[in-house]
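Below you will find the structure I want to go over with you.
Computed from the coordinates by the stated procedures, all read-outs in this text should not be read as laboratory data. Because the structure is predicted, anything quoted here is derived from the model rather than measured. Cβ placement follows ideal geometry from the backbone for every residue including glycine, while neighbour counts extend to all protein chains displayed.
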Amino acid sequence: MSDPSLRQTPLATLHLGDRKTSPAHDATVRLAEKIFIAKINLRADPSNRKLMRVFEKVLGFALPLESNTTNGKAVRSALWLGPDEWLITAPSSQEQALFKALSEAAEAHHLAITDVSDARTVFLLSGPNARDVLEKGCGLDLHPRAFQTGCCAQTRLARTGVLLHQTSDEPAYDIHVSWSFAAYLWIWLEDAAAEFNVTIVADDG
Amino acid sequence: MLLIDCPYCGPREEIEFSYGGEAHIERPKQPDKLSDAEWADYLFMRNNPKGPLAERWCHSYGCRRWFNVERHTVTHEIQRVYKMGEPRGGEEGT
């Protein structure tokens, strides 16, 4: 488990610090990196009702069983990754406690809990034109009739594998991307958003 | 580009998937009882029909699960998508 005081950003080489501003009124796309997100991967059998109840008790909500959906309360959420796989996200400050709580509560069951916090970083892409930006590099149907707030999908964006999660109707998306592809995807997103009024905002979490 | 209906995630672009060859090739229960010819047949020989073919696909960029697809090799029409372990359908039976 990583030491939170050593946490770095994969975008360090882009020197974004000076460019971060508070969003202008006319900004139609906002980009931010959320670096303080804990991510825990869960593999478990959804037909094991007892175990599902254990998770519900620890998390405060049930794991989503329907494909491409999420469930959550405040800053904590569970994202469906596969028929027996989920990703739990939470603030970094809860990382170790949550990992311990999940492991201890489910000790008697057959499952896998893995802390994958540092495998991927999360970008927040929001604003009225956010969907137009994504549609330039993603084949998924992101129209509200097919993809709404609370939906998630593992797919490809600009040729790299991402986990997309729509977090609000504005719309706003969390984009989970591998550490090593983060700088590439950030540059691609900035380029794709250039025709709109894009602002880089400071990490909100 | 094919639009493949992943049995778990729904319809996605072909580029999210990887191909796994012909489906329903069962590993012999007692490999040491096989002649070289029979073993070679299991390892290398595959059907190459002009028509429907049952094949394995993996949703590599999505849920990372393997499943079976019945695809027409001439028209590329996907006739059926079904989970691993389910019997093959269509005209061939079994």
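Using only the alpha-carbon atoms, how far is helix A:49-59 inclined from the longest principal axis of chain A? Give it as 0 to 90 degrees, nearest 10.
Helix A:49-59 sits at roughly 50 degrees to that axis.
Also: Rounding to the nearest 10 and keeping the result within 0 to 90°, find how far the Cα-based axis of helix A:95-105 lies from the longest principal axis of chain A.
Compared with the principal axis, the helix lies near 30 degrees.
Next question, about the same structure. At 1.567 mPa s and 4 °C, plugging the Kirkwood radius over alpha-carbon pairs of region A:37-115 into Stokes-Einstein gives what diffusion coefficient in µm²/s?
106
Mind checking the dipole of the protein assembly as shown: about its Cα centre, +1 per Lys or Arg Cβ, -1 per Asp or Glu Cβ, Debye to the nearest 20?
Once rounded to the nearest 20, the dipole reads 540 debye.
Can you give the angle from 0 to 90° between the axis of helix A:182-192 and the longest principal axis of chain A, with both taken from C-alpha atoms, to the nearest 10?
Roughly 40 degrees between the two axes.
Over all distinct alpha-carbon pairs, what is the Kirkwood Rh of region A:1-80 in angstrom?
Across region A:1-80, the inverse of the average 1/r is 16.3 Å.
For region B:42-87, just the Cα atoms, rotate onto the principal axes and tell me the three extents in Å, largest first.
30, 27, 21
Here is a further query. For region B:75-88, just list the computed ³J(HN,Hα) in residue order, Karplus coefficients 6.51, -1.76 and 1.60, θ = phi - 60°, integers in Hz, with x standing in for Gly and Pro.
Working through the residues one at a time gives 8, 6, 5, 8, 8, 7, 10, 8, 6, 4, x, 7, x, 6 Hz.
May I ask you to sort A:Ile88, A:Ile200 by Cβ crowding, counting other Cβ atoms within 10 Å and putting the fewest first?
Ascending Cβ contact count within 10 Å gives the list A:Ile200, A:Ile88.
What number, rounded to the nearest 500 deg cm²/dmol, is the helix-based mean residue ellipticity at 222 nm of chain A, given -39500 (n - 2.57) per DSSP H run of at least four residues and division by all its residues?
Counting only the DSSP helices, I get -5500 deg cm²/dmol.
When only alpha-carbon atoms count, how far does chain A stretch along each of its three principal axes, as whole angstroms with the largest first?
On the principal axes, chain A reaches 53, 42, 29 Å in Cα extent.
Right, another one. A:Leu111: net charge of surrounding residues, Cβ under 12 Å, Lys/Arg +1, Asp/Glu -1, itself excluded?
With Lys, Arg at +1 and Asp, Glu at -1, the net is -2.
Can you give the Kirkwood hydrodynamic radius of region A:111-173 from its Cα pairs, in Å with one decimal?
12.6
Please list, in chain and number order, the residues 5+ apart from A:Glu33 or on another chain whose amide H is under 5 Å from its amide H, with Hs placed from the backbone.
So A:Glu33 has HN proximity to A:Leu124, A:Asp203.
Same structure, new question: Please identify which residues in region A:175-205 have an amide N closer than 15 Å to a label point set 7 Å out from the Cα of A:Ser22, following the Cα→Cβ vector.
Answer for this model: A:200-204.
Rank these for me by crowding, B:His72, A:His143, A:His176, going from fewest to most other beta carbons within 10 Å.
A:His143, B:His72, A:His176
Something else now. If you average the alpha carbon positions of region A:144-173 and of region A:22-95, how far apart do those two centres end up, in angstrom?
14
Pop a pseudo-label 7 angstrom from the Cα along the beta-carbon direction at both B:Phe44 and A:His110 and give the gap in nm to one decimal.
In this crude label model, B:Phe44 to A:His110 measures out at 3.9 nm.
For A:Lys39, what is the net charge nearby, where nearby means another residue's Cβ is under 10 Å from its Cβ and Lys, Arg count +1, Asp, Glu -1?
Here the charged neighbours net out to -2.
Kirkwood Rh over alpha-carbon pairs of chain B, then Stokes-Einstein at 20 °C and 1.002 mPa s: what D in µm² s⁻¹, rounded to an integer?
Approximately 148 µm²/s, per Stokes-Einstein.
A follow-up question, please. Taking 0.36 nm per intervening residue step and subtracting the Cα-Cα distance, what contour gain separates A:Ala202 from A:Thr69 on full extension?
45.1 nm
OK, next. Could you check the simple spin-label distance between B:Val74 and A:Thr9, using points 7 Å along Cα→Cβ, in nm with one decimal?
5.8
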